[in-house]
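Read through the structure below, which is laid out as structure tokens, and then see the notes.
The values are calculated or read from the model by the stated rules, or taken from the named source; none is laboratory data. Computed from a predicted structure; not experimentally measured. Every residue, glycine among them, receives a Cβ derived from its backbone with ideal geometry; neighbour counts consider all protein chains shown.
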Amino acid sequence: MKKHFLIIPTLFLCIAAHAQWTSQATGFSAASVGVRDVCAIDANTVWIATYDGSGASAIIQNYSRTTDGGNTWIPGVVPAPADYAFSNIAAVDGNTAWACFYKHPSGGGGIWKTTDAGTTWAQQGVGSIYNVSSFPNFVHFFNANNGFTAGDPNGNPTGVTFYEIYTTTNGGTTWTRTPSANIPAKLSAGEFGTVNVYCTFGNTIWFGTNQGRMYKSPDGGLNWTVTVVAGITEGVADVEFRDSQNGIVTLYNAGTTIFSHKVSSDGGATWTALTATSGTMHNGDIESIGTAFVSTGAATGDEGSSYSVDNGANWLDIDLGVQHTTQGWVDGSTGWAGGFSADPTTGGIYKYSGVTIGVKALNNDYARMRMFPNPSNGQFTLQIGGAETKDAVVKIVDVVGNTIYMDNIGNKSTVIEEKIDISAVSKGVYFVTVENGTTRFVNKITIK
């Protein structure tokens, strides 16, 4: 049977603010609308996808969005067929989002896109992407043009069955299926992926299967490798990497609700058992913020949230006894965790309001960061000298916090260097941040 995680009955509703979380109303008229996916773009802009959290397993196609940091949430419905359920939602700004759906219980699905903040939605790639035998698991966009989507193994015109993966370079106007030669074969007829269980870091993608394997692409979905995480009776319930090397997986035993965890320090090539020495690691969702991992849980006995700054060895509670489904973070001080709605003006999601998580532990270093020429026409070289031996992530934001560029810089020597082209953006001042897991570099670039 296909596994769908986060479908957790709302055994109780915890709608009051708790310590470091502030309750916000997602705007849904029905009670017990749960949050399946949180896509946080910046401190103001967030989109969420939903599911029925009442335990009745009804199909709902509601989403909600905010452009004012969650003070106001505007709900809506994606006009997919009535038997299509949300896989996840991806967005790049307050107007543009993609919604991925699978047909319940199986056999079909597709992707819908909006460019007008949800006023209208159009299905993408009809007849060329996914079909009546498909099971789409997720869609992801790195920016407004480049994205990918992945589904369970499905046949193609030549009769070869392999994971159904597509990439796009034009915002989903056209999609290209990744050839079977680029994707390791499925392990058995019963192997498949899991709804909305994947992660990205830069252009690298990981997703797990129900038979304990991890697929990885270093180039945005064009080429793939696979490694064994656990035995075939253990499925991957969640995966998250905080950088190109360090990641955590949550595993489930088939037919049970027993969870275990493993860690990797080599990009997912090998995995070792993880047992937390102290604190509570929740099994609902894992996300990363800089050097930290954050866990949330909503199932009975697993309610709450916590974080770890030592790759999961120890966990510090953010709260306990509060149902948090999935998460989305902008940085260590701004994030949201899903909950369950009570009515249009009460509950549904929590905004983080506590102390900064993760990135606060980074050392700030400005002296070794150079960008030249500066001012620039948008084409410039970013360079960080000194004893740098780790991969890094570069992120460029505008003056209001919108991300306009993000990439993973692989360390090739003791110097971090990257040639960057943002010549398509408007003239003005932009802020460039580079993080390598231990140090954060920040400076500004002027585009003229």
Test: residue in region 10-23 that is under 16 Å from residue 327 (Cβ atoms), at pLDDT 95 or above and part of a loop (DSSP other than H, G, I, E, B): no
Evaluation of residue 79 against (1) assigned to a loop (DSSP other than H, G, I, E, B); (2) within 24 Å of residue 198 (Cα to Cα); (3) touching a Phe, Trp or Tyr at 6+ places or on another chain (Cβ under 7 Å) (one fails), failing number: (2)
Any strands (runs of 3 or more DSSP E) falling wholly within region 277-377 and containing at least 2 residues that are in contact with a His (Cβ under 9 Å, 6 or more places away or on another chain), free of Cβ contacts under 8 Å to residues at least 60 places away in the same chain and crowded, with 19+ Cβ neighbours inside 10 Å: 292-297, 304-308
Residue among 219, 243, 266 that is under 16 Å from residue 310 (Cβ atoms), of a type in the set (Asp, Glu) and in the same structural domain as residue 148 (by TED's automatic domain parsing): 243
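Regarding residue 117, is this residue in a loop (DSSP other than H, G, I, E, B) and within 28 Å of residue 405 (Cα to Cα)?
The answer is yes for residue 117.
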Selection within region 166-194 - modelled with pLDDT of 95 or more and among the aliphatic types (A, V, I, L, M): 183
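Would you be able to tell me the number of residues in region 192-248 that are small (Gly, Ala, Ser), touching a Ser or Thr at 6+ places or on another chain (Cβ under 9 Å) and over 18 Å from residue 290 (Cα atoms)? Break it down into steps so the answer makes sense when it comes.
Residues of region 192-248 that are small (Gly, Ala, Ser), as a first pass: 193, 202, 208, 212, 217, 220-221, 230-231, 235, 237, 244, 247.
Going one step further and asking which of them are touching a Ser or Thr at 6+ places or on another chain (Cβ under 9 Å), we end up with 193, 202, 208, 212, 217, 220-221, 230, 235, 237, 244, 247.
Now narrow it down to the ones that are over 18 Å from residue 290 (Cα atoms): 193, 208, 212, 217, 220-221, 230, 235, 237.
The total comes to 9.
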Qualifying positions in region 37-56 - over 20 Å from residue 297 (Cβ atoms) and part of a loop (DSSP other than H, G, I, E, B): 41, 42, 43, 44, 45, 56
Every residue from region 144-165 that is within 23 Å of the chain's Cα centre (by Cα) and either within 21 Å of residue 227 (Cα to Cα) or at pLDDT below 95 (or both): 148, 149, 150, 151, 152, 153, 163, 164, 165
Those residues of region 147-200 which are in contact (Cβ under 8 Å) with a residue 24 or more places away in the chain, more than 24 Å from residue 99 (Cα to Cα) and not hydrophobic (A, V, I, L, M, F, W, C), in sequence order: 161, 180, 182, 184, 186, 188, 191
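Let's see how each residue does on (1) at negative phi; (2) surrounded by fewer than 24 Cβ atoms within 10 Å (Cβ to Cβ):
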residue	(1), (2)
59	yes, yes
92	yes, yes
101	yes, no
109	no, no
149	yes, no
Those residues of region 229-252 which are in contact with a Leu (Cβ under 9 Å, 6 or more places away or on another chain), assigned to a strand (DSSP E or B) and surrounded by fewer than 24 Cβ atoms within 10 Å (Cβ to Cβ), in sequence order: 234, 237
